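The values are calculated or read from the model by the stated rules, or taken from the named source; none is laboratory data. What you see is a predicted model, and the numbers here were worked out from it, not measured in a lab. FYI the Cβ positions are ideal-geometry reconstructions off the backbone, even for glycines, and counts take in every protein chain you see.
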Amino acid sequence: MADRNFDKLLGIKTVGIREWRGKTNYNRYEATPYKALEALFQVYKLDKNDRVVDFGSGRGRVAFYIHNRFHVPVTGIEANPTTYDEALDNKMRYRHKAKHIKAPIRFEYGLAEDYEIKPEENVFYFFNPFTVEIFKKVFNNILQSLEKHPRLADVVLYYPMPKYKEFLKNQKSFRTLNKIRVPGADDIREKFIIYRFD
């Protein structure tokens, strides 16, 4: 199913790309393709106790998809004010269609490295939203939370940048749980890598 059609089903608009103006440590907005999300969640299942954070959530595609499919709480963190406003517009339309889902879905405006990880949050999603320097700061925030409130937790990377993988390879507290390729993808980098802390 085409991305626009999937958007229509959810009552949202997430198609398109948005570049940042000027030099920044944050990468452009580009949503994870729905066909990739379908491939990921055929293999990787969430249950009612999971709490998801999408860093660099953009217009909210991943957040809405997960919320709709698994009925779990999801938080999206977005640093671009225009994109954040679009996510809120999407949320209003989505909530009109998804009244029956009780789990909360939230979007927070701000820098990912400033987000305070909640003790119950345990699935952290990234589609190359920023430089590895910022990723390290966010990762350390996650790690501090896990050390303070021990729990099973996963970091999910889509189309992982080599520098992200290199950094995570040296993290002894996380192991590679799974690699999931997107069927029919021409680019071998078009895959998910899931790292688990237990």
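Table: residues versus (1) at pLDDT below 95; (2) exposed (fewer than 15 other Cβ atoms within 10 Å of the Cβ).
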position	(1), (2)
2	yes, yes
9	yes, yes
27	yes, no
39	no, no
49	no, yes
60	no, no
64	no, no
67	no, no
Failed item in (1) under 20 Å from residue 33 (Cα atoms); (2) not in a helix (DSSP H, G or I), with residue 94 passing the rest: (2)
Condition first: out of contact with any Gly (no Cβ under 9 Å at 6 or more places or on another chain) and outside any helix (DSSP H, G or I). Now tell me which residues in segment 53-73 satisfy that. 71, 72, 73
Close pairs (6 angstrom Cβ cut-off, 6 or more residues apart or separate chains): more than 11 Å from residue 64 (Cα to Cα) in segment 92-113, modelled with pLDDT under 95 and β-branched (Val, Ile, Thr) anywhere: 113/134
When you scan segment 111-198 for strands (runs of 3 or more DSSP E) that lie fully inside it, which ones turn up with 3 or more residues that are touching a helix residue (DSSP H, G or I) at 6+ places or on another chain (Cβ under 9 Å) and crowded, with 20+ Cβ neighbours inside 10 Å? 123-126, 153-158, 191-197
Picking from 43, 74, 53, which residue would you name as being surrounded by fewer than 23 Cβ atoms within 10 Å (Cβ to Cβ), closer than 28 Å to residue 198 by Cβ and touching a residue at least 24 places away in the same chain (Cβ under 8 Å)? 43
Residue list for segment 144-182, filter: touching a residue at least 40 places away in the same chain (Cβ under 8 Å) and aliphatic (A, V, I, L, M): 146, 152, 153, 155, 156, 180, 182
Condition test on residue 94, is it surrounded by 14 or more Cβ atoms within 10 Å (Cβ to Cβ), modelled with pLDDT of 95 or more, hydroxyl-bearing (Ser, Thr, Tyr) and out of contact with any Asp or Glu (no Cβ under 9 Å at 6 or more places or on another chain)? yes
